[in-house]
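The values are calculated or read from the model by the stated rules, or taken from the named source; none is laboratory data. Computed from a predicted model, the values in this text were never measured in an experiment. Here the Cβ positions follow ideal geometry from the backbone for every residue, glycine too, while neighbour counts run over all protein chains shown. Heavy atoms of the whole protein, side chains included, go into the accessibility calculation; ligands, DNA and RNA do not. Shrake-Rupley method; radii C 1.70, N 1.55, O 1.52, S 1.80 Å.
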Amino acid sequence: QYPVRELLFSLMLESHNDSAVAIAEHIGGSTEGFAAMMNQKARDLGCEHTYFITPNGLDAEQGGKIHSTTAYDLAKIASYAIENDLFVALVGTQQYAFSEKTTGRKFAVNNKDQFLHMMDGAIGIKTGYTNDAGYCFVGAVKKEDRTLVSVVLASGWPPHKNYKWSDTKQLM
């Protein structure tokens with residue numbers, strides 16, 4: 001048993017897919033219910049080319065539709081998310097430790113977002129990788145009176161894990 005807050009750190013810092021499923025089942029009643037909520041929120045934000053099937057972003061197909069999005073839609077979602085101060089604090093956290101409620105088993109998670117150290121004002125958001133999408137990264141940087149958001153998708157496949165950082169820095 002874990003508080004949702006602890007699972008959010010597990011999800012966002014380490015990309016723990018089991019945490020995504022646990023959060024989805026808790027909030028949406030099921031992964032399908034949560035995906036429906038995510039799809040509704042995406043529509044509310046004006047995302048016209050996004051369809052979620054999984055809560056964790058893994059490649060999936062269901063009923064002839066695939067789990068998919070675009071860089072533009074992810075930028076809209078990220079722009080919405082960084083309006084939340086708690087979200088910004090969460091994705092900017094370097095390390096976080098927590099314990100399971102009943103056993104006390106301890107966990108420590110570490111942020112994989114190297115962009116946080118590459119530019120002043122960097123706001124880390126989320127790294128990702130799937131076989132279909134390659135290495136991806138959504139990031140933001142606060143510069144004086146504005147915040148810039150960038151999204152890189154298919155930014156290399158193994159062994160080119162670091163292309164996403166140089167691509168993001170160049171965009172910013």
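Fully extended, how many nm does the chain gain between residue 161 and residue 108 (0.36 nm per residue separation, minus their Cα-Cα distance)?
Residue separation times 0.36 nm, minus the Cα-Cα distance, leaves 16.8 nm.
I'd like the distance between the alpha-carbon centres of the stretch 59-114 and the stretch 19-45, rounded to an integer number of Å.
Distance between centres, Cα-based: 13 Å.
Under 1.5 on a/c is rounded, so check that first for the stretch 1-124, then, if it is not, pick prolate when a/b is larger than b/c and oblate when it is not; a ≥ b ≥ c are the square roots of the alpha carbon gyration tensor eigenvalues.
Oblate shape, in that a/c is at least 1.5 and b/c is the bigger or equal ratio.
Using a Gaussian network model of the chain whose springs link C-alpha atoms within less than 10 Å, name the residue from 51, 135, 96 with the highest mean-square fluctuation.
Looking only at 51, 135, 96, the biggest GNM fluctuation is shown by 96.
At 0.36 nm per residue, and after removing the present C-alpha to C-alpha distance, how many nm does the segment from residue 71 to residue 1 gain when stretched out fully?
Stretched out fully, the residue 71 to residue 1 stretch lengthens by 21.7 nm.
Relative contact order, percent, of the stretch 95-154 when contacts are C-alpha pairs under 8 Å separated by at least 6 residues?
22
How high is the relative contact order of the chain, in percent, counting Cα pairs under 8 Å that sit 6 or more residues apart?
Result for the chain is 17 percent.
Keeping all protein chains in place, calculate the accessible area per residue for the stretch 31-172 (probe 1.4 angstrom), answer in Å².
Result: 59 Å² of accessible area for each residue.
Counting Lys +1, Arg +1, Asp -1, Glu -1, what net charge surrounds residue 137 among other residues with beta carbon under 9 Å of its beta carbon?
Computed value for this residue: 0.
Given H placed 1.01 Å from N in the peptide plane, which residues other than close sequence neighbours of residue 113 have an amide H under 5 Å from its amide H?
Here the answer is none, since no amide H 5 or more places off falls under 5 Å of that of residue 113.
Given a Förster distance of 22 Å, report the FRET efficiency between residue 171 and residue 84 from their Cβ-Cβ distance, rounded to the nearest 0.05.
So the FRET efficiency works out to roughly 0.45.
Karplus couplings for the stretch 113-125 from phi (6.51 cos²θ - 1.76 cosθ + 1.60, θ = phi - 60°), rounded to Hz, Gly and Pro as x?
These are the phi-based 3J(HN,Hα) values: 7, 6, 4, 4, 9, 9, 9, 4, x, 5, 10, x, 10 Hz.
Only helical DSSP H runs with n ≥ 4 go in: add -39500 (n - 2.57) per run for the chain, normalise by residue count and round the 222 nm mean residue ellipticity to 500 deg cm²/dmol. Mind dumping the intermediate values first?
Details: 6 runs with 64 residues, N = 172.
Rounded to the nearest 500, the figure is -11000 deg cm²/dmol.
Give the carbon-plus-sulfur fraction of the accessible surface of the chain in %, rounded to a whole number; probe 1.4 Å, heavy atoms of protein chains only. Walk me through the numbers before you get to the answer.
On the way: 5200 of 9940 Å².
Looking at the chain in its full context, I get 52 percent from C and S.
Cα-Cα over 31 Å: which of 65/161; 101/143; 41/142; 106/126; 65/169? Display every interim value, and only then the final one.
Values: 65/161 28 Å; 101/143 40 Å; 41/142 25 Å; 106/126 24 Å; 65/169 33 Å.
Over 31 Å apart, Cα to Cα: 101/143; 65/169.
With springs connecting C-alpha atoms under 10 Å apart, model the chain as a Gaussian network and identify which of 61, 144, 83 has the largest mean-square fluctuation.
144
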